[in-house]
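Just below is one structure, and these are the notes that go with it.
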Amino acid sequence: MIKLNDIKIGVVGLGYVGLPLARLFSTKFPTVGFDINSRRVDALMQGHDDTLEVEDDLLRDAIDNHSFRCTSSLDDIRDCNVYVVAVPTPVDDNNRPDLKPLIGASEVVGKVISHGDIVVYESTVYPGVTEETCLPVVEHVSGLRLNVDFYGGYSPERINPGDKAHRVETIKKVTSGSTPETALLVDALYNSVLKNGTHRAPSIKVAEASKIIENSQRDVNIAFVNELAKIFNAMGIDTHDVLEAAASKWNFIPMQPGLVGGHCISVDPYYLIERSQLYGVLPRVMSNARRLNNSMGAYVANQTIKQMNLKGVPVKDARILILGFTFKENCADIRNTKVADIYHTLREYTACITVFDPWANPERVRDEYGIEVTGTLPNGPFDAAILAVAHTAFRGVDLRALVPQPGVIYDVKGVAPRNVVDARL
């Protein structure tokens, strides 16, 4: 078994999870980040992370100190002895788990891993993927035997994109290993760079399960509040007033209705939903939560149209402004954003839709969604505006100047002044 002081780390995958983790590890260990996207690697080596998860000065310091570098060459990670896999775990068009990125990353590790090395997975998966799918791929490609020639571990990522308070160095991490000795070393490795320590799980499967229920729980809770919003909107009751009143009870769990996007809450539950059915369990609560949350973009669009009809504002060819496109506030992440559903629903009535988001990368939005986004506040007047994302930059926007009466302002996030908006989720 390798010693903690002799560790050299190779992080496979330099996205929202891998890059912050690699940069953090580089404060204690020589670290090399590997990614198949050479353009991403080049940009990082020039000192800029376009996901905005790692500040440019921190990235440049790590590179300038020669403790961290990025590469697309396998030879550059061949002399590492701990490999950390942090690649996406998406779903396909039928919302079934797509393990191809994980399998590809495992093949990469299999080509470079040596006797005594450890490979730790961070990607969110259903229980069993690490030991039943990933590590066998490493065995097959390398010709080495698990727990004889090399060892495995799992420490689920807990990155919250755009969150400047809960950073990778301050969150508590779950760790696990394929043998008791490996579990101790993996735990010590993470503990050496984390401020708030770790929780060592008794098995890899427990660690995998703990991660996937974190996001599934939030999905279910948000779905419940979204359902309440639909009910109270139909009754003519302000949902936010109801939640504020209920929160006066000491054990009420405060939640807000909204759009559920991103790569975690809107994707990970499908992994557990799919796997549970193989064991004869139909996860009705999680499945219904996914369906409800996926419907909220279209619901917001239709509620806006309803308000326009009530105020006598023609919907056909109306000029509509959508403020925000990323999946959450003060974040550049556009993955699985449900604002796209708002746009496409409204597009059935009008082509005059302007999307304003100073955080979103217009080229990425165009490539992924076929939607044009501007980073500059457009001039009005508009017939309707939807405040879809609560970016701090929107707080100073005079919405009523952009949408004069009888135009409609719909507030998805409940952050605009009450006397300005016509309706809110």
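The values are calculated or read from the model by the stated rules, or taken from the named source; none is laboratory data. Worth saying up front: this structure is predicted, and the values here are computed from it rather than measured. Virtual Cβ from ideal backbone geometry, glycine too; neighbours counted across all protein chains shown.
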Next on the checklist: I'd like the residue in segment 5-45 that is over 25 Å from Gly116 (Cβ atoms) and basic (Lys, Arg) and, out of all such residues, is surrounded by the most Cβ atoms within 10 Å (Cβ to Cβ).
Outcome noted: Arg23
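This table checks each residue for (1) charged (D, E, K, R); (2) more than 24 Å from the chain's Cα centre (by Cα); (3) under 20 Å from Glu208 (Cβ atoms); (4) outside the structural domain of Ile9 (by TED's automatic domain parsing).
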| site | (1), (2), (3), (4) |
| --- | --- |
| Ser106 | no, no, yes, no |
| His115 | no, yes, no, no |
| Pro127 | no, no, yes, no |
| Asp149 | yes, yes, no, no |
Item to check | Matching residues, segment 115-155, being without any contact (Cβ under 8 Å) to a residue 60 or more places away in the chain and either on the phi > 0 side of the Ramachandran plot or among the charged types (D, E, K, R) (or both) | outcome: Glu132, Glu139, Gly143, Arg145, Asn147, Asp149
Checklist entry - Can you name every residue in segment 241-253 that is touching a residue at least 12 places away in the same chain (Cβ under 8 Å) and surrounded by fewer than 18 Cβ atoms within 10 Å (Cβ to Cβ)? => result Val242, Ile253
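Here is a yes/no grid of residues against (1) of a type in the set (Gly, Ala, Ser); (2) modelled with pLDDT of 95 or more:
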{"residue": "Gly47", "(1), (2)": "yes, no"}
{"residue": "Leu59", "(1), (2)": "no, no"}
{"residue": "Asp64", "(1), (2)": "no, no"}
{"residue": "Cys80", "(1), (2)": "no, yes"}
{"residue": "Lys100", "(1), (2)": "no, yes"}
{"residue": "Glu107", "(1), (2)": "no, yes"}
{"residue": "Gly116", "(1), (2)": "yes, yes"}
{"residue": "Thr130", "(1), (2)": "no, yes"}
Next on the checklist: Please count how many residues of segment 376-393 are closer than 19 Å to Ile342 by Cα and under 22 Å from the mean Cα position of the chain (by Cα).
Outcome noted: 5
Item to check | Identity of the residue in segment 365-387, out of contact with any strand residue (DSSP E or B) (no Cβ under 9 Å at 6 or more places or on another chain) and assigned to a helix (DSSP H, G or I), that ends up surrounded by the most Cβ atoms within 10 Å (Cβ to Cβ) | outcome: Tyr369
Item to check | Pair list, Cβ under 6 Å, 6 or more apart: segment 42-59 residue of a type in the set (Ser, Thr, Tyr), other residue assigned to a loop (DSSP other than H, G, I, E, B) | outcome: Thr51/Tyr16
Next on the checklist: Looking for something surrounded by fewer than 15 Cβ atoms within 10 Å (Cβ to Cβ), farther than 27 Å from Thr130 by Cα, in the same structural domain as Thr175 (by TED's automatic domain parsing) and without any contact (Cβ under 8 Å) to a residue 40 or more places away in the chain - is there at least one such residue anywhere in segment 66-76?
Outcome noted: yes
Item to check | So Glu329, is it more than 19 Å from Leu402 (Cβ to Cβ) and free of Cβ contacts under 8 Å to residues at least 60 places away in the same chain | outcome: no
Item to check | Subset of segment 97-130 (residues that are closer than 18 Å to Tyr154 by Cβ, touching a Pro at 6+ places or on another chain (Cβ under 9 Å) and of a type outside the set (A, V, I, L, M)) | outcome: Pro97, Pro101, Ser106, Tyr121, Glu122, Ser123, Thr124, Tyr126
Next on the checklist: Condition (residue is touching a strand residue (DSSP E or B) at 6+ places or on another chain (Cβ under 7 Å) and farther than 20 Å from Glu169 by Cβ) applied to segment 21-34: is it met by at least one residue?
Outcome noted: yes
Checklist entry - In segment 403-418, how many residues are at pLDDT 95 or above and under 32 Å from the mean Cα position of the chain (by Cα)? => result 5
Checklist outcome for this item: Inside segment 280-310, the number of residues satisfying the requirement of being in contact with an Asp or Glu (Cβ under 8 Å, 6 or more places away or on another chain) and charged (D, E, K, R) is 1
